[in-house]
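K.L.:
Sharing a structure, written as structure tokens. Questions coming.
The values are calculated or read from the model by the stated rules, or taken from the named source; none is laboratory data. Everything numeric here is computed off the predicted structure, so don't read it as measured data. Neighbour counts are summed over all protein chains in view; Cβ atoms, including those assigned to glycine, are modelled from backbone coordinates with ideal geometry. The protein model used for the area step is the full one, side chains on, heavy atoms only, and it has no ligands, DNA or RNA in it. Shrake-Rupley method; radii C 1.70, N 1.55, O 1.52, S 1.80 Å.
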Amino acid sequence: MSLLVVGLSHRSAPVSVLERASLPADAQVKLLQDSLATEPATEAAVLATCNRIELYADVDKFHAGVAELSTLLGRHSGVGLDELTPYLYVHYEDRAVHHLLSVACGLDSMVIGEGQILGQIKDALALGQDLHTAGRLLNDLFQQALRVGKRAHSETGIDRAGQSLVTFGLQQLAGADGVDTWAKGKRALVIGAGSMSSLAAATLARAGVAEIVIANRTAARAERLVEILQQPGGTGVRARAVGMGAVDSELSAADIAVSCTGATGLVLSGDAVRAAVHGRPDGARLALLDLAMPRDIDADAHRVDGVTFADIETLADASADAPMAADVDKVRAIVSEEVAAFGAAQRAAHITPTVVALRAMAADVVAGEIARLDSRLPGLDEKERAEITRTVRRVVDKLLHAPTVRVKQLAAEPGGAGYADALRELFDLDPQTVAAVSRADRGRA
């Protein structure tokens, strides 16, 4: 395993850099395709969220891999490599595994313990599978990350250590009142109909808002979200869909607005926010939550009288001061345990093609000796021949059983990668045969 991750996140880069380094869907596809076109990488997957961009790859050369992946990130993210480099981090092999598993558990999130990252990891894996850039290593890694993330949430109270970015953002707006008390009976405008916007709409509906207006460029997606909100047995919230052209007028009638679109420019300008609060009764404030990266709402909105404003940057500052739950230590222990298990499994899998090739060679030797026996003792009947064949095979199997089992155990331990080479040398195995087994094994992945 030569796993390498190069990336940047809210922990390494300011929001001003992150929002310019956003990676839309088409850029993710091109980044993955270009990653495999380079010499050092044989597999690639990209994890791109509102507060992180990470490129994972299986590389055969560390330094060349870091240089190439960094260059590709700079090329496709829209931020030049010279500017991007100070904010990039690099993890290799076990440290890269530890990083992704920590991310999956919510330990590296802006809000500790949030669970939305699992869906984003699942999407990253699906994209790599669809484009055939994720091979056995990254398939195993990302599937392990999903399992570990679910385990962390089911076996610990990590959910109590933090909430989704949506819930945390609404809590910052609500203040001491609490979201349910603060939101009850209010009118909400949700701009966008993607996963984050859908989560915001569902959270506001459960909190008891009186009405939710969904604004989106694609009418069908907005209407679909409205249908979901109004499903029988749900919250009973009134909901309707509008086009993006109605956002300014709907904002004037809203008490709460949450925006999370994929737009590259501002969705709400400072002037639009000022116009929306103009003429409101005294004490009637407009709450704005911007969860987009790059930002949807002009940052100048927080200076407008009558506006309570939160965005990715302010949430990062608030989250940094949040108390860490005791369960975080339990999750860290789970991550360390799972990293060791993943490493052992990968090292054991590395020797499997050599063991398979050894057994294939032994089978060929047995077949050759039985053929030689046939030529020397042509008078053997079928029953005698079959018994001799079984006996020879049992002898070979017993001789190979203990060393092959033991070599798999040794290979699974740290530093055990050299046992495959030793086995090939001791039994004079053809490297091309071992490589052919490996290729066949990857083809079944």
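K.L.:
Order 23-30, 67-74 from most to least packed using the mean count of other Cβ atoms within 10 Å.
P.N.:
Put in order of decreasing packing, that is 67-74, 23-30.
K.L.:
Taking a virtual spin label 7 Å from the Cα of residue 326 along the C-beta vector, which residues in the range 144-160 bring their backbone nitrogen under 20 Å of it?
P.N.:
152-160
K.L.:
Gain in length, residue 278 to residue 17, computed as 0.36 nm per residue apart minus the alpha-carbon separation, to one decimal in nm?
P.N.:
Length difference between fully extended and current span is 90.7 nm.
K.L.:
Kindly state, to the nearest 0.05, the FRET efficiency for residue 305 paired with residue 177, given R0 = 30 Å and r defined as their beta-carbon distance.
P.N.:
0.90
K.L.:
I'd like the distance separating the alpha-carbon centroids of the range 119-167 and the range 242-263, in whole Å.
P.N.:
31
K.L.:
P(r) of the chain in 10 Å steps, Cα pairs, percent per bin?
P.N.:
4, 17, 24, 20, 13, 8, 6, 4, 2, 1, 0
K.L.:
Give me the lysines in straight-line cross-link reach of residue 330: C-alpha distance below 16 Å, same-chain residues under 8 apart excluded.
P.N.:
Reachable lysines: 150.
K.L.:
Shifting gears a bit: Normalised by the number of residues in the range 50-201, what is the relative contact order in percent for Cα pairs under 8 Å and 6+ residues apart?
P.N.:
Relative contact order for the range 50-201 comes out at 20 percent.
K.L.:
If I take R0 = 30 Å and measure r between the Cβ atoms of residue 385 and residue 359 in this structure, what FRET efficiency does the formula 1/(1 + (r/R0)^6) give, to the nearest 0.05?
P.N.:
After rounding to 0.05, the efficiency reads 0.85.
K.L.:
Summing Lys, Arg as +1 and Asp, Glu as -1, what charge do residues with Cβ under 12 Å from the Cβ of residue 403 carry, residue 403 excluded?
P.N.:
+3
K.L.:
Between rounded, prolate and oblate, where does the range 2-133 land on the alpha carbon gyration tensor, with a ≥ b ≥ c its root eigenvalues, rounded for a/c under 1.5, else prolate if a/b exceeds b/c?
P.N.:
rounded
K.L.:
Something else now. Order these peptides, 234-240, 96-102, by their mean beta-carbon neighbour count within 10 angstrom, highest first.
P.N.:
Taking the mean over residues of other Cβ atoms within 10 Å, the ranking is 96-102, 234-240.
K.L.:
Calculate how many DSSP beta bridges within the chain are antiparallel, expressed in % of all such bridges and rounded to the nearest 5.
P.N.:
45
K.L.:
Give me the number: length gained by fully extending residue 90 to residue 25, i.e. 0.36 nm times residue separation minus the C-alpha to C-alpha distance, one decimal in nm.
P.N.:
Separation in residues times 0.36 nm, less the Cα-Cα distance, equals 21.1 nm.
K.L.:
Okay, next question. Rounded, prolate or oblate: which fits the range 227-377, taking a ≥ b ≥ c as square roots of the Cα gyration tensor eigenvalues, rounded meaning a/c under 1.5, else prolate when a/b beats b/c?
P.N.:
Cα axes put the range 227-377 in the prolate bin.
K.L.:
Can you tell me the relative contact order of the chain? Whole percent, Cα pairs under 8 Å, sequence separation 6 or more.
P.N.:
13
K.L.:
Let me ask something else about it. Net charge near residue 427: determine it from the other residues with C-beta under 13 Å of the C-beta of residue 427, scoring Lys and Arg +1 and Asp and Glu -1.
P.N.:
-3
K.L.:
What whole number of Å gives the distance from the Cα centroid of the range 183-204 to the Cα centroid of the range 381-404?
P.N.:
When both Cα centres are located, 69 Å separates them.
K.L.:
Follow-up. What does the charge count near residue 145 come to, summing +1 for each Lys or Arg and -1 for each Asp or Glu among other residues with Cβ under 11 Å from its Cβ?
P.N.:
Around residue 145, the surrounding residues sum to +2.
K.L.:
Then there is this: With a 1.4 Å probe and all protein chains left in place, how much accessible area per residue does the chain have, in Å²?
P.N.:
47
K.L.:
Can you tell me the order of 103-114, 299-310 when each peptide is scored by its average per-residue count of other Cβ atoms within 10 angstrom, highest first?
P.N.:
103-114, 299-310
K.L.:
Follow-up. For residue 75, project a label point 7 Å along Cα to C-beta. Then give me every residue of the range 21-37 with its amide nitrogen under 14 Å of that point.
P.N.:
Of the residues in the range 21-37, 27-37 have backbone N under 14 Å from the label point off residue 75.
K.L.:
While we're looking at this one, here's another question. Calculate for the chain the 222 nm mean residue ellipticity that helices alone would give, adding -39,500 (n - 2.57) per DSSP H run of length 4 or more and normalising by residue count, nearest 500 deg cm²/dmol.
P.N.:
For the chain, the value works out to -18500 deg cm²/dmol.
K.L.:
Shifting gears a bit: Tell me which lysines have Cα within less than 23 Å of residue 383's Cα, excluding those fewer than 8 residues away on the same chain?
P.N.:
By straight Cα distance, residue 383 reaches 398.
K.L.:
Between residue 217 and residue 249, what FRET efficiency comes out of the Förster formula 1/(1 + (r/R0)^6) with R0 = 22 Å and r the beta carbon distance, rounded to 0.05?
P.N.:
Result of the calculation: an efficiency of 0.85.
K.L.:
Normalising by the residue count of the range 1-129, find the relative contact order in percent from Cα pairs under 8 Å and 6+ residues apart.
P.N.:
33
K.L.:
Mind running the shape call on the range 114-173? Use the C-alpha gyration tensor, a ≥ b ≥ c as the square roots of the eigenvalues: rounded below 1.5 for a/c, prolate if a/b tops b/c, oblate otherwise.
P.N.:
It comes out oblate by the Cα gyration axes.
K.L.:
Can you work out the PRE-style zone for residue 263? Point 7 Å along Cα to Cβ, and I want the residues of the range 230-244 with backbone N under 16 Å.
P.N.:
Label zone hits: 242-244.
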